[in-house]
Structures are given as structure tokens and as C-alpha cells.
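Okay, structure first, notes after.
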């Protein structure tokens, strides 16, 4: 019996159930997995955006609660650490400060049209060298167009809108008062080191960052300085003088309130000063100051008890011989004169006779005590040295009335302060309060000092005195005139007047000096109530006139300042 073959009904191309089931399950798994990843991304992005929004919101809230000063923000470029301290006057008025300034540099690679650039620069800075600029544009990668721009130049270049112009900031020193303190403050170099004046003398202090909390305060008064300079400039025109100078000093402590020397210059403009006319005449100038030395002679004779103010000196001739030399007076004086009258009327012969009674050794010692033989100590390096000389025949006689001896006006003024402040030796200073606690050496007695003050007052008030034009009401002006020739040019005169006056119980010494003045033919003087036209050229007719005008102007300001200081001390003591 044959078995029948059973046919295989399975299709060999048909997938098994298991295989189909596996594939569908895997596909489902993939879908579920992709869905989970997408949701995670959404959450991350949402969290990121939310965090950013939260951060910005917090920042806005934080800024809104701040006291934001728009003005300070706009001026941020001026907020820098200075590398040099300020200098101020006695009232806190700014005299010198470091600020941000700019150099103009050029980067040629940033310039598209060099010809157009050249035209623009020439319009902004006409002094620019065109050939040199073209050469630099073609050959250099970076160069300076101009260093140390002023504000006008910087603004013109900035308005050009050229990307190739780079403004390099740096610190520079500026002097708000320009010419007013040119012979005192001095200058700094490009690296901010002091090279002259106060800037040089106090260089270490001004560069010490540990002392920047307090500026360098000088004894000078800007208002007084301005008024004195204005009056001296007027005197230059009136008397056609080659120059002028003045010094105002507190007679009790030596503080200098004003120092002017004309002609002057703008210290904001850095340049070499080779003109001798621009020298500081007060500290650097060395002059024969003439008859002002007669006061020293009389003071010593009184101090030594050799004479008194009423002692009569006889046989005063118009001329006298000393060895081979001839000494004379400008006019004939009475044959017999008191010591007081000799100084009031300024007799050379009378002074010589007093000096002979003193003797050479005592006279030399006295002038040495007054610091008239060596360079003075002062807060400037621009200091002159008196010309040395030998005490040979006739030197005592000529020096007694100020001939044959030189000194600086600074030294002479300090010596006069010593004579009229009670006899205590003064050291002049530019630094406020520096001498307040010093123990001063006495040179002459208070009695002698008072006698000298009384005589010098009569030089102004007596009808035979030489300084009547300085008799300004309310200030008790006293002083002594001096008319002398240039030490090295006998055709030129130096006319000077050293005066002292009182304001609110404070004593001030004022020196005024005119360099080679001329007769003021068109000037009408008010001389003892009379109108007199100018005909003479002695110190009594120019230096004294200028001194009177100065005292008249500065007296009220000194009175106000002294009153304010007094009130301040009273309030402070009361509190």
C-alpha cells in the first residue's frame, strides 16, 4: 500500500509569525524612544530661556535700584590715577594739575583714500608738512601725526571721521593761570618730572603717591598776584621800562604772598628760554640796589650805640675823596644833619661818615648776619649768587650807601623784614605755614627796630623825604628808595623801593623794582596835593609811584583775608 505524499502548504517566501512580531515590536520601541528624546530637548530649551530671562530681569532690577550718575559716566575718561600731585595757593586755588591729553597717531592701512586724507589733515592742521605726511603714509605702518594736541586740534581731527587717526591718551601738566606764575611754578618735562621752579624743587613730594590726599599748598595769593602784576604792567608802559619785578612778604614769618617778574611767559607752552629778559629778577637777578643799603648802616650804628637818631653828623660836603676815588651826592645837603635826616633825605656823604664810626669788621659781620653775602635759601633752584668782592680801600665807604655790593631783591626784602619786625631774622619761604613754629634768631633789638620804622615812616611823610608818592591813607606806609646803575652797564638804571605797611596788625614788606625806566613826561603826579608833571627819573618818581598804586589795590584784600582768618580762629577756639 503506497503512502501518499503530503504537500507542504507553507510558502517558503512567507515570513514566520515570530519574525513579523519582532519587527513590529522593535519599530514601536523606536517610536517611543524618539518621543522621549524630543520631550527632553523641549524641557532643556525651555529651562535655558527661562534662566536667561530670569538673569536679565534680575540685572534690570539691580540697576534700577542703583544711584546711577549719568554725568560721571559721560566723563569716565577723566577718572584716572594722576602720577603727580596738585599745587594750590594759600586759599586752595588750583595752580597746577595733571590731566588726560592726546597724541594723534596714524595707521595708514585704515585709510582708503590717501589724497583725500591729506587734504583733510591740511585743513585741520595747516602747519602739517605735506611731503613728510605722504612719505609716512606710504612707508610706515604707524606714525605720529602730532604730539600733545590741544583741545581745539583734537576736536578738528576727531570731526574728520577718519578711522586711520588714533588718539593716544597720556598725562600732562596744565597751569590754569598761564603767565601769572611763570617764574614760580615752573614746568615738567614730557615724562612728568619737574625741570624748573616749584615743580622741580618739590619733585619728589609731588610724585609721592602716598601724599596725594593733600596737595602742595603754597603761601601765594592768586588775587594779590594778579593785582600786583596788573599794576606792574601798567608801570612798564608809563615809564617805558625794560622790565619790572615785585615781591610781597609777610614780615613776621617770611611767607611770600606774591612774586612777579616781567616780562613773563606762558608755562603751558614748553620751549627753551634763552632770553635773559625772561629771568626771574627777584631770585636770580643780582643787582646793586643803591640807597636801600643806607638803612642797614644806620640800623647797625643805632644798635651799637654809636649814634642815636638825633645825633648830629657834621661837615657833610657835596663831594669827598676816598683814596683815588670820588664820592658825591646828587645835590648839596646841609653841612650838619641828624642821623635821622641823613636817612630821610638819603645823603651818601652823611652815610659814609656814619659807616666810618662803625668800622669795617662790625659792618661786615652785620651784613653777614643778614645773609647778604651768599645765595639765599629758597624753594626754587633759580637762585642768584651775590658777586664776591674784596674789602680793599674805600669798600666800607661805598658799601655803606649801596655801591659796589650786589645782592638779589629776595635777600634785600628779607633783610628789611628783619629790621622792621622787631629784629628777628627772616627766612623767606613759598610754603604756607612752614615757618610758623621756627625759633627766630634776633639780629637787632626791638628798640632799634622801632627807631628804624619811625625813620622810614618819615621817608614817606616828611616833606624832604624821597617817597611821598607812597603815602596811601590808612596803611602807614614806610620805606626807602634806591636808585643805582647796572653793575655791568652804567648807562642803565635800576630803580627800587622797599616799603612796609600794616594791615589788621599784620606787617608786610613790598619791594618794587623797575628795570631802566624813563621819565614819564605825560604823567601828572599828585604830589602833596599839587599836580606836577613828570620830569625826573629817580626811584621816588617811578618805583615809589608804582608801590603806592599796588598798596592801594591790595590793601583791602589783605584786610578781608586777615579778618576771615581771625574769625576762623575765634570760632575754632570758642567751639
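Only the coordinates and a few stated rules stand behind these numbers; no lab work does. Just so it is clear, the structure is predicted and the values come from calculations on it, not from any experiment. Neighbour counts are summed over all protein chains in view; Cβ atoms, including those assigned to glycine, are modelled from backbone coordinates with ideal geometry.
Some observations on this one:
- Legend: ranking of residues 403, 325, 183 from fewest to most surrounding C-beta atoms inside 10 Å; resulting order 325, 403, 183.
- Between 0 and 90°, nearest 10: helix 294-303 axis offset from the chain longest Cα axis: 70 degrees
- Reciprocal of mean inverse Cα separation for the range 80-218 (Kirkwood radius, Å): 17.1 Å
- Residue-averaged 222 nm ellipticity for the chain, from DSSP H runs of 4+ at -39500 (n - 2.57), nearest 500: -12000 deg cm²/dmol
- Sorted largest first, the principal axis extents computed over the alpha-carbon atoms of the range 294-417 equal 48, 32, 26 Å.
- With 10 Å bins from 0: P(r) over the chain, alpha-carbon pairs, percent: 3, 14, 19, 17, 12, 9, 7, 5, 3, 2, 2, 2, 2, 1, 1, 1, 1, 0, 0, 0
- In the chain, the longest principal axis of the Cα atoms and the axis of helix 543-574 are about 60 degrees apart.
- Label zone of residue 381 (point 7 Å out along Cα→Cβ, amide N under 16 Å): in the range 196-211 this covers 196-207.
- For the range 162-242: rounded, prolate or oblate by the Cα gyration tensor [a/c cutoff 1.5]: oblate
- Spatial offset of the range 463-488 relative to the range 283-344 amounts to 16 Å, using the alpha carbon center of each.
- Comparing Cα centroids, the range 433-457 and the range 206-274 end up 26 angstrom apart.
- The range 444-543 shape via C-alpha gyration tensor axes, a/c threshold 1.5: oblate
- Exposure proxy order (Cβ contacts within 10 Å, fewest to most) of 541, 391: 391, 541
- Tilt relative to the chain, helix 222-239 - C-alpha long axis, 0 to 90 degrees, to 10: 50 degrees
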